[in-house]
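First comes the structure, then the notes that go with it.
The values are calculated or read from the model by the stated rules, or taken from the named source; none is laboratory data. These figures come from a predicted structure and were not determined experimentally. Please note: Cβ atoms are built from the backbone with ideal geometry, for glycine as well, and neighbour counts cover all protein chains shown.
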Amino acid sequence: MTEPARNRGLAGDLPDLIGRSRLLDIMSRLGAAVLASPAATFECATTPWHTTGALRDDGHDTLNDLTVAALTGGGIIRRDLRPSFGNRNGKASGPPLSLEITLVSDRDRTPLPGHVIYLWHCDAAGRYSIHDVPDANWLRGVGIADNNGRIRFTTIPPGRHDAGPPHMHFEIFPSAFPAISGAPSIHTDRITLPPALCQSAGATTFHTELTVPAVRHMPPTAAAAAATQPQAPSHAALKSR
């Protein structure tokens, strides 16, 4: 399996994470909301994974809430990354790792609440779910930053699948809707972990701070337009605490 195939990001992984039919259903409903007039409301659109609500002037609040509900119902937004979910099987084996990520603005280092991160990494044997283990989707998940910009996951220390140090991959989006709309991430990189931590046989904890380009929440139509634009490469500024 090539490195680009393993690291195709949330947009590429979504069909395998929640299934193509469910993804098409979610996207059709969100697409209808994008096309709705600013004053439109969802009057009879209740599904197992969202509730009705009125659109804000730009439609973003409701779309974001619908997207969060859809991803939560699909199992993608989660704290424990070790088990597979949906129609996939298995659980990653290894000592528990409590991971805390803080997202801060690169302008003034203020927290970035509501920002979304997609995190994925290999297991202790260097294997990636979906790609190296097709019937599993463990060690993948989405988190939403709290009011302090913090996101917490329970996972396991990654092994090595190449000559580099143990690491985790991530993508960051300003909110949930752009994460599945095809809009480019605002930040993509790796979190490198200390080799000693990954070799520990017991429970471990790791804290890191990611400095993220500060962007405004885009209206849905702007997010859709941004999805057609080429994405500039970015590099993470990581700081362990």
Count of residues meeting criterion [of a type in the set (Val, Ile, Thr) and in contact with a helix residue (DSSP H, G or I) (Cβ under 9 Å, 6 or more places away or on another chain)] in region 121-142: 2
task: Hey, can you tell me all the residues within region 104-122 that are touching a Pro at 6+ places or on another chain (Cβ under 7 Å) and buried (at least 18 other Cβ atoms within 10 Å of the Cβ)?
output: VAL104, HIS115, HIS121, CYS122
message: For the condition farther than 25 Å from GLY159 by Cα and modelled with pLDDT of 75 or more, what is the one hit in ASP61, ASP80, ASP65, ASP57?
response: ASP65
query: Pick from ASN148, ASN137: which is in a loop (DSSP other than H, G, I, E, B), touching a residue at least 12 places away in the same chain (Cβ under 8 Å) and under 25 Å from THR102 (Cβ atoms)?
result: ASN148
statement: Within region 115-130, residues outside any loop (DSSP other than H, G, I, E, B) and either closer than 13 Å to SER84 by Cα or not aromatic (Phe, Trp, Tyr) (or both) come out as VAL116, ILE117, LEU119, TRP120, SER129
message: Residues that are within 13 Å of ARG79 (Cβ to Cβ), surrounded by fewer than 20 Cβ atoms within 10 Å (Cβ to Cβ), at pLDDT 95 or above and in contact with an Asp or Glu (Cβ under 6 Å, 6 or more places away or on another chain): does region 140-147 have at least one?
response: no
statement: Log entry, pairs with first residue in region 94-114 being within 30 Å of ARG127 (Cα to Cα), second being in a strand (DSSP E or B) and acidic (Asp, Glu), beta carbons closer than 7 Å, six or more apart or on different chains, reads THR102/GLU209
